[in-house]
């Protein structure tokens, strides 16, 4: 079907500052956007999903100087971190915009000139308190401290008093138009409580907005007045139109603008719900349909931020569990508009209870019985009885509810309903007790129907989970013998009848290995300790307690479902052990067989990906990859290293 005849869905994340370390908060926003994009693609929409990085401004300029780099060099380095994280999280964005792209600079300058010619941008002098960290001028009602300084209420850092010539945007001229727009479009800002905040702020009165600086050079120069640099928010917000072709691919721009959904953290709501629509009104462009200000993920009840040193690195979780458990937890745990407190206990409960027990065991049991009783392929089955038809009808109702929840951006409720159906499938198996029929020949047809009906339910569950857990959904389909890609079936066509048992199922394998809290915390605290204290002293007695040994690698293989992990069998002289090492992105299994390495032999064993690791490899970390020190001459396995 011609894309232009299909409904469109344009979703964006904020563009992330390149002086940030990608953390759970960034991952959360982007996973929401990705799940919504995947869902709308299943529903036949022509989807465009935009994300990217904000690379201009004073704090990026300062961070680059501190590192002895040019700002663009710093940006080039950090952009890779975001792209790598999105790849690891299975994020299916359509375009990654960088504000240093030439087409973005040209588009912003074009809008600037247009508004200047209209009289909505004019030159003046600004004096006020400026927060470098948030790149924002403080409101006039922020009180002075006893020291005569002002503290930014958002980040808690000291602001600086600046006075300089600048260009202003005539924001005050759009106060009444904004209030009328909010009244006419009550769902423009969601959740509803955030719309109330926005309306209240605007009713207090809007003042004209300083949008250029002369003391910052790293940014887009004002056309015709190069001493002025366009202020970061006027620059950054326009990524939402330049990223889809404004001024350089107008057919694409006209196809997708206005945005259907801007996903943002609630801390940048004012910029997106007040400044951005005012800029668009001035430029005579349509306004986005919805700005959704989601809540924060807190650590120890405090918002995560680099400046507070309490960010959670998603890579720790990804290295242990892979992407889908993290995607599931973040979207299931809280409604999108609320704050959530990240706890290791809560995360592991979701993994071990929801994923390993409820879903994983159901898949394992069903496929095992199909293999044991029908050699992987159900040829014939009895007709459906009332209990079978009730399960089929429950799935049809589930499909309707899931669609409604996704369209309302209530992904957590969609997952709740999917899990209620998973529990219904488990009950269906328990009530019918197919294992009791296996030895009764006249019950073979009924046995086949029970397992076929359960397989159909799992097939449908995997489809509905695909937007949130794409890798696991595709794995379940593959194990069920489904050859078609999930996205080849349109949501409206989804039905039990589309699944057949014509292809043999695969032998089951664990989808979500269980893991104990202490093992996961060991991975987490090891990483946090490294971040917090790179040069902590230890005593000689503590060093002597560590048993460093030479180990010979006698067997090596990749750990399924991971990119970095290898399972190694090592010879320690008098014994052999198994260990897990995160070196698969540096070394192939074949490279390591026969090599002599150094391990810590008296470290407490840990369960990693369901495998007990009985030693730890020593390696250098260079550019995020492990480099193993090998011996330059023959050393016997088991020799102590001092």
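Rule-based calculations on the coordinates, nothing more; no lab input. Just so you know, these numbers come straight off a predicted model, no measurement behind them. Note that we place each Cβ from the backbone using ideal geometry, even for glycine, and neighbour counts take in every protein chain shown.
Quick check: Cα centre of segment 117-190 to Cα centre of segment 580-614, how many Å?
If we compute the Cα centre of each part, the gap is 54 Å.
What fraction, in whole percent, of alpha-carbon pairs in the chain exceed 32 Å separation? All intermediate terms of the calculation are to be shown ahead of the outcome.
On the way: 118727 of 205761 pairs.
Beyond 32 Å sits 58 percent of the P(r) for the chain.
What is the spin-label model distance, in nm, from residue 165 to residue 142 if the labels are put 7 Å beyond Cα along the C-beta direction?
2.6 nm
Along its three principal axes, how long is segment 154-293 when you only count alpha carbons? Whole Å, largest extent first please.
Result, largest extent first: 40, 40, 28 Å.
Roughly what would the spin-label model give for residue 343 and residue 69, points 7 Å off Cα along C-beta, in nm?
For the pair residue 343/residue 69, the computed spacing is 3.8 nm.
Just the ratio, please: alpha-carbon radius of gyration of segment 147-219 over 2.2 N^0.38 Å, N its number of residues.
Values: Rg = 16.2 Å, N = 73, 2.2 N^0.38 = 11.2 Å.
Cα Rg divided by the expected 2.2 N^0.38 Å: 1.44.
Sort 74, 464 so the one with the fewest other Cβ atoms within 10 Å of its own Cβ comes first. Don't skip to the answer; put the middle values down first.
Details: 74 22, 464 26.
Listing 74, 464 from fewest to most nearby Cβ atoms yields 74, 464.
State, to one decimal in nm², a quarter of the convex hull surface area for the C-alpha atoms of segment 45-203, i.e. the direction-averaged projected area.
Numbers: hull surface 55.0 nm².
Mean orientational projected area (segment 45-203, Cα hull): 13.8 nm².
If you line up the long axis of helix 24-42 against the longest principal axis of the chain, both from Cα atoms, how many degrees apart are they, to the nearest 10?
70 degrees
Diagonalise the Cα gyration tensor of segment 358-498 and give the resulting equivalent ellipsoid semi-axes, square root of 5 times each eigenvalue, largest first, whole Å.
On the way: eigenvalues 138, 49, 36 Å².
Taking √(5λ) for each eigenvalue gives 26, 16, 13 Å, largest first.
Taking only Cα atoms, what is the 0 to 90° angle, nearest 10, from helix 323-333's long axis to the longest principal axis of the chain?
70 degrees
Any chance you could give the angle, 0 to 90 degrees and rounded to 10, that helix 361-374 forms with the longest Cα principal axis of the chain?
The helix 361-374 is inclined about 40 degrees to the chain.
How far apart, in nanometres, would the label points at residue 612 and residue 593 be if each is projected 7 angstrom from Cα along the Cα-to-Cβ direction?
Reported label-point gap for residue 612 and residue 593 is 2.6 nm.
Before rounding to the nearest 500, sum -39500 (n - 2.57) across all DSSP H runs of length at least 4 in the chain and divide by the residue total; then give [θ] at 222 nm in deg cm²/dmol.
Values: 21 runs with 249 residues, N = 642.
About -12000 deg cm²/dmol.
Over the chain, what is the relative contact order in whole percent, taking alpha-carbon pairs under 8 Å and six or more residues apart?
Numbers: 1043 pairs, mean separation 73.4, N = 642.
So the answer I get is 11 percent.
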